[in-house]
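Taking it in order: structure first as structure tokens, then the write-up.
Read-outs throughout are calculated quantities, based only on the coordinates presented, and are distinct from any laboratory measurement. Quantities reported herein were computed from a predicted structural model and do not represent experimental measurements. Here the Cβ is made from the backbone with ideal geometry for all residues, glycine too, and neighbour counts use every protein chain on show.
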Amino acid sequence: MSLYTSTRKNLENITATQAILQGISEEGGLFVPVSIPKIDFSFEEANSWDYKELAYRVMKLFYEDIKEQDLKRCIEQAYDEKFDDKEIAPLVVTRTANFLELFHGPTIAFKDMALSILPHLMLVSKKYHKESKDIVILTATSGDTGKAALEGFANVKGTKIIVFFPEEGVSEVQKRQMVTQEGENTLVVGVKGNFDDCQTAVKEIFADKAFEKEAADSNYKFSSANSINIGRLVPQVVYYFAAYSKLVKEGKLKNGEPMNVVVPTGNFGNILAAYYAKDMGLPIKKFICASNTNKVLCDFFEKGIYDRNRDFHLTISPSMDILISSNLERLLYHISGQDAKLVTDMMESLKNEGKYTITENMKNKLSDFYGGYADDETTKAYIKQVYENDGYLMDTHTAVAYAVYDQYIRETKDSVPSVIISTASPYKFTSSVMTALGDQYKNTDDFILLEEMHKLLKGDMPKAMNNIATKPIKHKAVCEVSEMKDIVRNFLV
């Protein structure tokens with residue numbers, strides 16, 4: 001059976017459902033598989049499966065303690081008509097690139113790929129372990145996780161969800177999506193700080209034993225919907241297998257040949273899922289890690305030093321405005337030879353000094369990674385260039401990935417077929433995308449620009465954008481970072 005341990009403590013016999021239910025280990029570490037399972041199917045077989053079947057074949061290897069009928073039901077409930085494309089994750093081939101679109105779910109961002117299934121996995125886990133307490137989902141978001149989690153958990157019996165987001169650090173559309181969220185069990189709070197402030201405070205709440213007991217006495221149990229939860233991470237592994245099958249069907253490569261993946265990432269979960277896919281047996285040659293001006297990951301792969309002691313930049317790709325990449329801790333655990341003591345020391349160094357340095361042996365195990373970054377002006381230039389040359393409109397995060405991909409190709413002349421992970425619909429970042437196309441869109445309201453973008457793209461407006469400008473605002477709370485725990489306490493009274 002697939003069992004889990006912690007990145008900071010050698011735990012034994014932790015099942016998948018226990019890890020999903022708990023979210024984060026008691027000492028603050030992240031749950032990781034004791035060993036990454038290997039695929040038990042051929043690529044020829046995978047090519048014939050739809051997304052749901054592929055999801056089952058991949059997830060069952062990680063979630064062996066979930067019964068077949070329960071896991072299949074979770075998958076059926078997750079990947080249904082909420083997605084506006086029957087392929088769930090379609091591949092779009094342009095003249096210069098291959099884009100895997102992960103934004104066809106209810107909140108038009110890639111977080112839907114995992115957060116559509118997490119509530120179902122959570123309820124199954126709760127049932128298996130006879131957990132009588134209500135699950136309280138605590139989530140910090142840089143923009144997309146929040147709405148996707150709210151969408152998944154709203155009105156789910158036996159749960160409450162609290163989302164904290166940086167008040168000045170998300171796009172207007174992202175903010176409107178969250179603050180108009182309905183559901184008696186939901187709470188959305190803007191924080192006077194950046195995403196790292198939100199995320200650190202949430203982690204501190206998880207680590208507060210006295211507060212955990214206080215919640216338990218009121219019949220509540222904390223868990224997470226961030227990618228620190230293994231129930232969020234594993235579903236993301238699936239779409240890399242889907243991308244591979246689609247490249248084969250497009251004639252871009254043959255079964256068994258390698259591909260490269262280009263991933264815009266801040267918290268590192270999306271690209272870590274690709275790393276897991278390769279360990280399972282998927283032929284990936286290079287992980288191209290794309291950052292914006294907050295290029296802490298880019299510098300890490302270049303120097304082997306993780307250093308968050310730098311200026312924090314608010315960019316037009318806000319979901320990547322992150323200086324503490326939580327999921328990198330899992331990679332450290334794997335490349336250190338599962339050395340929980342070393343990882344703990346590094347995380348303490350990050351907390352106390354703001355940086356850590358990996359060993360030469362660990363650095364040598366990162367040769368499959370390439371780090372690059374694009375600033376806002378470069379990002380805008382590529383949005384305009386790709387739209388004018390290929391007729392494809394990218395959001396700001398996908399454009400960062402495309403810029404780094406172009407940089408990588410020019411540097412290396414690598415001819416291996418690549419897939420760019422397209423993480424959000426351009427509708428989610430209307431102002432930045434439209435002003436990249438022309439000065440005539442400057443100083444125009446975001447919600448007017450939605451209609452302008454619709455004219456350019458034609459087709460149907462995503463359901464997530466219907467009436468967004470006129471929906472009533474349900475959540476108006478704004479707090480200091482120091483007040484976040486009290487906000488949680490008051491919501492649970």
**Message:** In the chain, if the dipole is taken from +1 on Lys/Arg beta carbons and -1 on Asp/Glu beta carbons about the Cα centre, which of 25, 191, 37 is farthest to the positive end?
**Reply:** 37
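222 nm [θ] for the chain, helices only, -39500 (n - 2.57) per DSSP H run of 4+, per residue, to 500?
Working: 21 runs with 216 residues, N = 493.
Computed ellipticity for the chain at 222 nm equals -13000 deg cm²/dmol.
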**Request:** May I ask you to list the residues of the range 182-204 whose amide nitrogen lies under 20 Å from a point 7 Å from Cα along the Cα→beta-carbon direction of residue 493?
**Result:** 184-190
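Return the percentage of antiparallel bridges among DSSP beta bridges fully within the range 33-184, rounded to the nearest 5 %.
Beta bridges within the range 33-184, antiparallel portion: roughly 35 percent.
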**Prompt:** Which loop trypsin sites (Lys or Arg not before Pro) in the range 186-271, with loop taken from DSSP, have no more than 11 other Cβ atoms within 10 angstrom of their Cβ?
**Reply:** 254
**Fill in**
Taking R0 as 35 Å and r as the Cβ-Cβ distance between residue 444 and residue 311, the FRET efficiency 1/(1 + (r/R0)^6), rounded to the nearest 0.05, comes to 0.75
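Sort 411, 167 by Cβ crowding within 10 Å, fewest neighbours at the top.
So the residues, fewest neighbours to most, are 411, 167.
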**Message:** Compute, for the chain, the length of the dipole vector about the Cα centre, with Cβ point charges of +1 (Lys, Arg) and -1 (Asp, Glu) only. Units Debye, rounded to 20.
**Reply:** 640 debye
**Prompt:** Cross-link partners among lysines for residue 209, C-alpha distance below 25 Å, same-chain residues fewer than 8 apart left out?
**Reply:** 9, 126, 127, 130, 133, 160, 221, 341, 351, 485
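Neighbour counts of other C-beta atoms within 10 Å: give me 388, 87 arranged from fewest to most.
Fewest-to-most Cβ neighbours within 10 Å comes out as 388, 87.
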**Request:** Going by C-beta contacts inside 10 Å, put 57, 310, 410 in order with the fewest on the left.
**Result:** 410, 310, 57
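For the range 379-476, what does the alpha-carbon gyration tensor say about shape, rounded, prolate or oblate, given a ≥ b ≥ c as the root eigenvalues, a/c under 1.5 as rounded, and a/b over b/c as prolate? Kindly include the intermediate steps, with their values, before the conclusion.
Values: a/c = 2.38, a/b = 1.97, b/c = 1.21.
Prolate is the answer for the range 379-476, as a/c is 1.5 or above and a/b outweighs b/c.
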**Inter-part distance where the range 257-325 and the range 455-480 are each reduced to a Cα centre, Å** = 29 Å
**Request:** Could you check what % of the DSSP bridge pairs in the chain are antiparallel, to the nearest 5?
**Result:** 25 percent
**Prompt:** Can you run phi through the Karplus equation (6.51, -1.76, 1.60; θ = phi - 60°) for the range 434-444 and list ³J(HN,Hα) in whole Hz, with x for Gly and Pro?
**Reply:** 5, 5, 5, 7, x, 5, 5, 8, 5, 6, 10
**Fill in**
For the range 75-191, the Cα convex hull volume per residue in Å³ comes to 117 Å³
**Message:** Through the Karplus equation 6.51 cos²θ - 1.76 cosθ + 1.60, θ set to phi - 60°, convert the phi angles of the range 302-307 into ³J(HN,Hα) values in whole Hz; use x for Gly and Pro.
**Reply:** 7, 10, x, 10, 9, 9
